[in-house]
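The values are calculated or read from the model by the stated rules, or taken from the named source; none is laboratory data. Fair warning: this is a prediction, and the values are worked out from it, not measured in the lab. Neighbour counts are summed over all protein chains in view; Cβ atoms, including those assigned to glycine, are modelled from backbone coordinates with ideal geometry.
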């Protein structure tokens, strides 16, 4: 189920950030899943492009992952927590001063 959640998150992020951010160095999202009595809680770790509206992107990501993973697995998704590992700037590896 964690693989499904990670794949769904990756697809959703590519759709959400779209062609306006030409990022190839964003790491693949990681996911952890905890299930109990027919419900699941997801924890995602993602890289996001900078600049981006972090709050809006995370809310949309939570919504899309909740809906799609529930469809694919048949489980009720009670919570999706998003951790941002890194903000990546286009064309500038490393730190920017």
Output the residue which, of all residues in segment 30-74 that are without any contact (Cβ under 8 Å) to a residue 24 or more places away in the chain and in a strand (DSSP E or B), is nearest to the chain's Cα centre (by Cα). 34
Step by step: first the residues of segment 36-55, then only those that are over 15 Å from residue 8 (Cβ atoms) and in contact with a helix residue (DSSP H, G or I) (Cβ under 9 Å, 6 or more places away or on another chain), then the one that is surrounded by the most Cβ atoms within 10 Å (Cβ to Cβ). Which residue is that? 48
Residues satisfying the stated conditions in segment 1-16, i.e. surrounded by 15 or more Cβ atoms within 10 Å (Cβ to Cβ) and under 11 Å from the mean Cα position of the chain (by Cα): 5, 6, 7, 8, 9, 10, 12, 13, 16
All but one of (1) in contact with a strand residue (DSSP E or B) (Cβ under 7 Å, 6 or more places away or on another chain); (2) surrounded by 13 or more Cβ atoms within 10 Å (Cβ to Cβ); (3) at pLDDT below 95 hold for residue 32; which doesn't? (3)
